[in-house]
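Below is one structure, written out as structure tokens; comments come after it.
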Amino acid sequence: MQFNKEILSAVLRDMEADRADRARQYAARRDEIYAVLPRIKAIDHALSNTAAAVLHAALETGGDPMEAIERLRTQNLSLQDERRRLLLDAGYPADYLDEKPACEACGDAGYIGSAPCDCLKKRYAVRLTEELSTILPIADQNFESFRLDYYSARPDSRLGLSPREVMEENLRICREYAQTFGRNGKNLLLYGSTGLGKTFLSSCIAKVVSEQGFSVAYDTAIRIFASYESVKFGSPDSAEAAKRIRKYERADLLIVDDLGTEMATAFTISAFYGLMADRLMRRRAMIVNTNLLPADFEKRYSPAIASRLNGEFEQLRFFGEDIRMLRHRAAL
């Protein structure tokens, strides 16, 4: 899993803001207690000078400072007990003035040594999901809301299977793919006519994958290839297009929607081949949704692209009636 630098920076800024907020809350609690219980202020002052007192004791004795250190330790414990009693007697929790990190494991640093802490990973996953929700309706499109009753239970004469049976298997594969992402190392090709749930199931996968902390880039083939054209020919949008391209190339999962709706030119074919070949070489997963049939890939693109789409992707066929039309008729 690779961290997106922009999202990671935003998460670290949030963590720093939270630390500053907790520090302000602690300062407010301390000022409140010092005003109500001035003896605690004196105790805190004495406790803060313990280390200096120990060093002074060691220098005074000129020998083994252990006896002086033990006396100071006893005094320290006595002051802490008095402090707790004063807080409790005044109706405050004993730990009211303790500075506690939100995460005990890393002390709110976000890292344990050089390894990201679980608290950082969780925050990062939340950010990823929030970002993804701005381009995909993942709140509404999830595996639990996927409806198989839109697909006919009548067997197809050519396949011997009903659309519902096929979609039950597609749903199972997509759910398993999402749940095991990062370990399965697979690519998916979802193909079939429009309105059969390809984008919906892709969104379901994206939601689960992003919640696990993996980065997801989603876009239509038209916009992906337009981004490459913007950078190549220096359009006014080239800076933003370059940022999108970095996501397409570096995301843990890239979802290419509506492949085949773009204008196929020598440039778009070259861009598609380069993007796909690079991701396959780096073992970065892809999901491709298309209305094209696998037999059409070589005619529309190239033998090299067809070979990869047909050989490196698990193919899931979608067929049945257009769900959008079914919903429209049901609403009449």
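Just so you know, all these numbers are worked out from the coordinates, no wet-lab data involved. Predicted, not measured: the structure shown is a model, and the values here were computed from it. Here the Cβ is made from the backbone with ideal geometry for all residues, glycine too, and neighbour counts use every protein chain on show.
Using alpha carbons only, how many degrees (0 to 90, rounded to 10) separate the axis of helix 221-233 from the longest principal axis of the chain?
80
Run through the DSSP bridge list for the chain and note the antiparallel percent, rounded to the nearest 5. Present the calculation step by step, with values, prior to reporting the outcome.
Working: 2 of 21 bridges.
Rounded to the nearest five, the antiparallel share is 10 percent.
If I histogram all Cα-Cα distances within the chain using bins 10 Å wide from 0, what percent of pairs lands in each bin?
5, 19, 21, 17, 10, 9, 9, 7, 3, 0
Which aspartates and glutamates does Lys207 reach when only Cα atoms under 17 Å apart count, and residues fewer than 8 places away in its own chain are ignored?
Straight-line reach from Lys207, under 17 Å: Glu130, Glu131, Asp140, Glu144, Glu176, Asp219, Asp252, Asp257.
Rounded to the nearest 10 degrees, what's the angle between the helix 266-281 long axis and the longest principal axis of the chain, both from Cα atoms, 0 to 90?
Roughly 50 degrees between the two axes.
What number comes out for the charge environment of Ala242, summing +1 per Lys or Arg and -1 per Asp or Glu over other residues with Cβ under 15 Å away?
Working: positive: Lys5, Arg223, Lys232, Lys243, Arg244, Arg246, Lys247, Arg250; negative: Glu6, Asp219, Glu229, Asp237, Glu240, Glu249.
Within the 15 Å Cβ shell, the charges total +2.
Straight-line reach from Lys232: which lysines fall under 20 Å, measuring Cα to Cα and dropping same-chain residues less than 8 apart?
The reachable lysines, counting only those whose Cα sits under 20 Å from Lys232, are Lys243, Lys247.
Would you kindly derive the ³J(HN,Hα) couplings of segment 234-249 from the backbone phi angles with the Karplus curve 6.51 cos²θ - 1.76 cosθ + 1.60 (θ = phi - 60°), listing them in order in whole Hz, with x for Gly and Pro?
Working through the residues one at a time gives x, 6, x, 8, 5, 5, 5, 4, 5, 5, 5, 4, 4, 5, 4, 7 Hz.
What list of ³J(HN,Hα) couplings, whole Hz, do you get for segment 72-88 from phi and the Karplus terms 6.51, -1.76, 1.60, once you set θ to phi - 60° and write x for glycine and proline?
For segment 72-88, the Karplus-derived couplings read 5, 5, 4, 5, 4, 5, 5, 5, 5, 5, 4, 4, 4, 5, 4, 5, 5 Hz, x marking Gly and Pro.
Among the lysines, select those whose C-alpha is under 28 Å from the C-alpha of Lys41, and discard any that sit fewer than 8 residues away in the same chain.
Within reach: Lys100.
Give the distance, in whole Å, between the Cα centre of segment 4-38 and the Cα centre of segment 257-319.
When both Cα centres are located, 49 Å separates them.
Any idea what angle helix 163-179 forms with the longest principal axis of the chain, computed on alpha-carbon atoms, 0 to 90 degrees, nearest 10?
In the chain, helix 163-179 runs at an angle near 30 degrees to the longest axis.
Compute the relative contact order of the chain as a whole-number percentage, counting only Cα pairs closer than 8 Å that sit 6 or more residues apart in sequence. Write down the numbers at each step before the final one.
Numbers: 380 pairs, mean separation 62.2, N = 332.
This gives 19 percent for the chain.
Going by a 4.7 Å Cβ-Cβ cut-off, which cysteines of the chain have no partner at all?
Cys174, Cys204
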